[in-house]
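**Q** This is the structure I want to talk about, given as structure tokens.
The values are calculated or read from the model by the stated rules, or taken from the named source; none is laboratory data. On a predicted model such as this, the values are computed, not experimentally measured, just so you know. For neighbour counting, all protein chains shown are included, and Cβ atoms are generated from backbone atoms with ideal geometry for every residue, glycine included.
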Amino acid sequence: MTETSQPTEDLARIIAAARRMGVELDEAEALRWLSAMAADSGGDIVLDAGSGTFGHRVSMLDFSPANLAHFRAVGQIVGFEDRPGVETALALSGSAAQSKIQTNPGDCDYFERVNLHAATREEACRMLAGLMREKALATERGETYRLIEVKFGSSPRDLVHAGKPLARGAAISWTPADIHAGQIAAMTPDGEPSPVLWDDVALDPGWCKLDWVVADPPHGTLANASNMLDVTWEAPDGSITPLDGHLDGYFQEVYLEADSIPIFSKVVRNATPDALDDYVEQLEHEVAKYVTRELNYGKAAKRMYNVFRLTGRYMDAVYLRELFDEPAALLYQVWSLVRTIDDAVNPDDPTTMAEAITQADALITQVASVLDGAEEAAIVKTLVRLRQQLDGDDQGTALSTDAEAARGLLKNLVNSFFHDRLVAVPSINAYIGRLQVEFGEDAAASR
């Protein structure tokens, strides 16, 4: 297919479906993207020499280096540094890595490969525990950021933490105060104190992730910035083993520095031949979750796009590309940023308060530009209440209540927007239906 090719019959159907739903599909851009997807690049990994970024060719097609300086600056906060025995490769993931099509991204998500050289697995786990604690304490707060929480370790038994059940094997969430203390104040289900120590869970690190709220003062904006770690142990014989038992694929990341190609290549060489199939299967489980028991068609659409572009369903992917750039898709960003404002507000720590206020004002304007009538009135009223709380002295519970109310209203609108446009395309509707049936059968079989 070339840029001058006429639309295929399948593309014509997609364009017709888009027009029926009021989606502005750029036919020329769609053909360019389809041509690029069909082209043989000579390899899966592509290096952009101009920007120094690299990644899977499918991911690189959707990445724009326009905000690369900002992403690298935030990367200085969230990323780990190389040192003797520690090799790293930091990448963007999620909507930040799809900046050509997601002009209204949600969070600023990073993914980092951390390869540890050690004599034993236990030594590597202890190294990781030390690195994560050091990183968390060093970036607890700064001029433009504040640490929110860290995921580290798996619960050794059924517990209750922060008033919520924490099942055995579940990921443990640590606040900065918990990390300073080196333990979480958990209880048994019977109410007996049962603290969990940071060092005690080091040998079962599980899901490793750090979350911050980051301000961009020149633009008056906020974002939740996260860094999910894929940690491997390199033994003296050169063998590489994931500490959580699973080596993540490389099909969604855009790596920020060409200098990390050697560590990236060394680690992903150990991926199984079924890595792509495993990745797609994982994504489909997430899609199924978001179209059944945790309805969120916006999140489902984002994951479906990754499935479709990696499995050759390019016509469906082209349609989803356009959905993310629709004005109403801005509501997905607003929904995400309301949580960010809630995370940013701390009366005892004004680090991100100015940006929280500016961001709230911007959200009100953005909602008004997209909606009208009763929907706009309800959401704007809730956002105005949220904005007023930011100027008050009693943010705390009142702010969280208004933030949750605004997110609830926005989530319903986001669901309706994406649901209606997804089911309008027969092939996508059939795909959703298949997953709903399979997911229902799996859930029934597990009961």
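**Q** Give the number of residues within the stretch 216-226 that are surrounded by 14 or more Cβ atoms within 10 Å (Cβ to Cβ) and not in a strand (DSSP E or B).
**A** Within the stretch 216-226, residues that are surrounded by 14 or more Cβ atoms within 10 Å (Cβ to Cβ) and not in a strand (DSSP E or B) number 1.
**Q** What residue, of A118, A124, A136, A97, is surrounded by fewer than 20 Cβ atoms within 10 Å (Cβ to Cβ) and out of contact with any Lys or Arg (no Cβ under 6 Å at 6 or more places or on another chain)?
**A** Numbers: A124 fails: surrounded by fewer than 20 Cβ atoms within 10 Å (Cβ to Cβ); A136 fails: surrounded by fewer than 20 Cβ atoms within 10 Å (Cβ to Cβ); A97 fails: surrounded by fewer than 20 Cβ atoms within 10 Å (Cβ to Cβ).
The unique qualifying residue is A118.
**Q** List the number of the failed condition for S35; all other conditions in (1) closer than 30 Å to V150 by Cα; (2) of a type outside the set (K, R); (3) in a helix (DSSP H, G or I) hold.
**A** (1)
Conditions (1) closer than 24 Å to D216 by Cβ; (2) out of contact with any Ser or Thr (no Cβ under 6 Å at 6 or more places or on another chain), marked per residue:
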residue: P65; (1), (2): yes, no
residue: D82; (1), (2): no, no
residue: S95; (1), (2): yes, yes
residue: D109; (1), (2): yes, no
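**Q** Answer yes if at least one residue in the stretch 262-281 is acidic (D, E) and farther than 30 Å from A430 by Cα, and no otherwise.
**A** The first filter runs over the stretch 262-281 and keeps only residues acidic (D, E), leaving 274, 277-278, 281.
Filter once more, keeping what is farther than 30 Å from A430 by Cα: none.
Among the residues of the stretch 262-281, not one is acidic (D, E) and farther than 30 Å from A430 by Cα, which makes the answer no.
**Q** Being under 30 Å from A329 (Cα atoms), crowded, with 20+ Cβ neighbours inside 10 Å and at pLDDT below 95: is that true of A91 here?
**A** Taking the combined requirement at face value, the residue does not satisfy it.
**Q** Taking strands (runs of 3 or more DSSP E) that fall entirely within the stretch 95-211, which contain at least 1 residues that are free of Cβ contacts under 8 Å to residues at least 60 places away in the same chain? Steps first, answer last, please.
**A** On the way: elements: 108-117, 145-154, 159-161, 164-166, 171-174.
Per the criteria, 145-154, 159-161, 164-166, 171-174.
**Q** Of everything in the stretch 224-262 that's hydroxyl-bearing (S, T, Y) and in contact with a Leu (Cβ under 8 Å, 6 or more places away or on another chain), which residue is farthest from I148 (Cα to Cα)?
**A** Only one residue tops the list, namely S260.
**Q** What do you reckon, is L210 under 30 Å from A97 (Cβ atoms), assigned by TED's automatic domain parsing to the domain that holds S95, modelled with pLDDT of 90 or more and exposed (fewer than 15 other Cβ atoms within 10 Å of the Cβ)?
**A** Judged against the criteria, L210 is not a match.
**Q** Identify, from the list F80, F71, F54, the residue that is surrounded by 15 or more Cβ atoms within 10 Å (Cβ to Cβ), in a loop (DSSP other than H, G, I, E, B), outside the structural domain of L323 (by TED's automatic domain parsing) and modelled with pLDDT of 85 or more.
**A** Being surrounded by 15 or more Cβ atoms within 10 Å (Cβ to Cβ), in a loop (DSSP other than H, G, I, E, B), outside the structural domain of L323 (by TED's automatic domain parsing) and modelled with pLDDT of 85 or more holds for just one of F80, F71, F54, which is F80.
**Q** Suppose we filter the stretch 178-192 for residues that are surrounded by fewer than 17 Cβ atoms within 10 Å (Cβ to Cβ) and within 13 Å of R133 (Cβ to Cβ); how many remain?
**A** Adding up the residues that qualify gives 4.
**Q** Would you please name the residue that is surrounded by the fewest Cβ atoms within 10 Å (Cβ to Cβ), looking only at residues in the stretch 227-258 that are within 26 Å of T139 (Cβ to Cβ) and in contact with a His (Cβ under 7 Å, 6 or more places away or on another chain)?
**A** My answer is E234.
**Q** Still on this model: For W198, state whether it is aromatic (F, W, Y), surrounded by 14 or more Cβ atoms within 10 Å (Cβ to Cβ) and under 23 Å from H161 (Cα atoms).
**A** Details: aromatic (F, W, Y): yes; surrounded by 14 or more Cβ atoms within 10 Å (Cβ to Cβ): yes; under 23 Å from H161 (Cα atoms): yes.
So W198 passes the test.
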